[in-house]
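Here the structure comes first, spelled out in structure tokens, and everything after it is commentary.
The values are calculated or read from the model by the stated rules, or taken from the named source; none is laboratory data. Being a predicted model, the structure only gives us computed values, none of them experimental. Heads up, the Cβs are rebuilt from the backbone with ideal geometry, glycines too, and the neighbour counts pull from every protein chain shown.
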Amino acid sequence: MIASFSSVIWSIAGKRHIYQYAPPTARSRVGCSPSEKSPSWALLTDAFQQGLHTWFYDVSGLTSGSSSEQFHFPASSTSLLCSTEYLRIPFKIGQPKKQIVSKTVERDFEREYDKLQKLEDQTKKLHKDMKKSTEADLAMSKAAVKISADLLSNPLCEQDQAFLDSMTALDTAMRRMDAFNQEKVNQIQKTVVDPLKKYSSVFPSLNMAVKRREQTLQDYKRLQAKVEKYEEKEKTGPVMVKLHQAKEELRPVKDDFEAKNKQLLDEMPKFYQSRIDYFQPSFEALIRAQVVYFTEMYKIFSELTDQIDQAGLTDEQRERETEAKLTELRALSIVADD
């Protein structure tokens, strides 16, 4: 069982730290703190439950004070003796000799679950990005409407009819743009953002099912080890009674685990594959909404150009005309450089 665990080995300031720990689906961290003079510790207790018999930590030179200190697990009577030179924690727990889940099955399970965890992260990120995108779209069109309204209220509009006509046309175009943008955002909200949110809500149930499977597996291993312990003992009357009781206790737990394991192995790949059928209509709706919006924007701004454009002038001519006006302004004494 120990061989199935991952190992992480690294070096910090010449001190070797060796951790052996359980797979991601069976990890939990429990804080373990000695006196105030010593550093805080975190032990992966699920690794012990998975069958890790000995855990080593080279703490030479890392602690201060007395040559040894007593460590205590929270909510546990187990205590560990920590030496300033070397810490060795013997930890034995009943583990079955019989392999309950083959390495191939466990590897397949972890692979499928890892794919779903990545899918969950990607779905949440996409949902967050889509919300930001729609909020930015709305802010942009609202800002454009405010700018056109401010220009329309400019005192110059009261003095120059041509300028008033241009600003009126601009304000009308911006309000039309805002209306189409609002319609686009509402469409995206219904067809993309809301479905993403609903899809994300499925993952907590999936994670809970995986957690229940892991809990049942631990019970299965514990009871299987108990059965094996009685099978190895001398076949006396009391031992045979206890063996029978242990087997009766094991049977429903074994059936429960096998059912949970089979269901997850069957349904996790199906759930992963279903993402295409689920999201494809949403993304098609997103594309259609964008196409409709930008088609309307082309019409609106083409009409606006026809209304405010000075016929016969090229872009270069307009640029030269603007530069000439700016030169006249710079020639005024009130804006002359000191």
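Among the residues of the range 224-277, those that are among the polar types (S, T, N, Q), free of Cβ contacts under 8 Å to residues at least 60 places away in the same chain and surrounded by 11 or more Cβ atoms within 10 Å (Cβ to Cβ) comprise 245, 263, 274. Note on the range 143-211: enclosed helices (runs of 4 or more DSSP H) holding 2 or more residues that are modelled with pLDDT under 95 and over 30 Å from residue 262 (Cα atoms) are 156-159, 161-188. Among residues of the range 299-316 being over 21 Å from residue 160 (Cβ atoms) and not small (Gly, Ala, Ser), the one that is surrounded by the most Cβ atoms within 10 Å (Cβ to Cβ) is 300. Scanning the range 186-213 for residues that are within 24 Å of residue 96 (Cα to Cα) and crowded, with 16+ Cβ neighbours inside 10 Å yields 210, 213. Here residue 313 passes the criteria (1) among the aliphatic types (A, V, I, L, M); (2) at pLDDT below 95; (3) part of a helix (DSSP H, G or I) except the one numbered (3).
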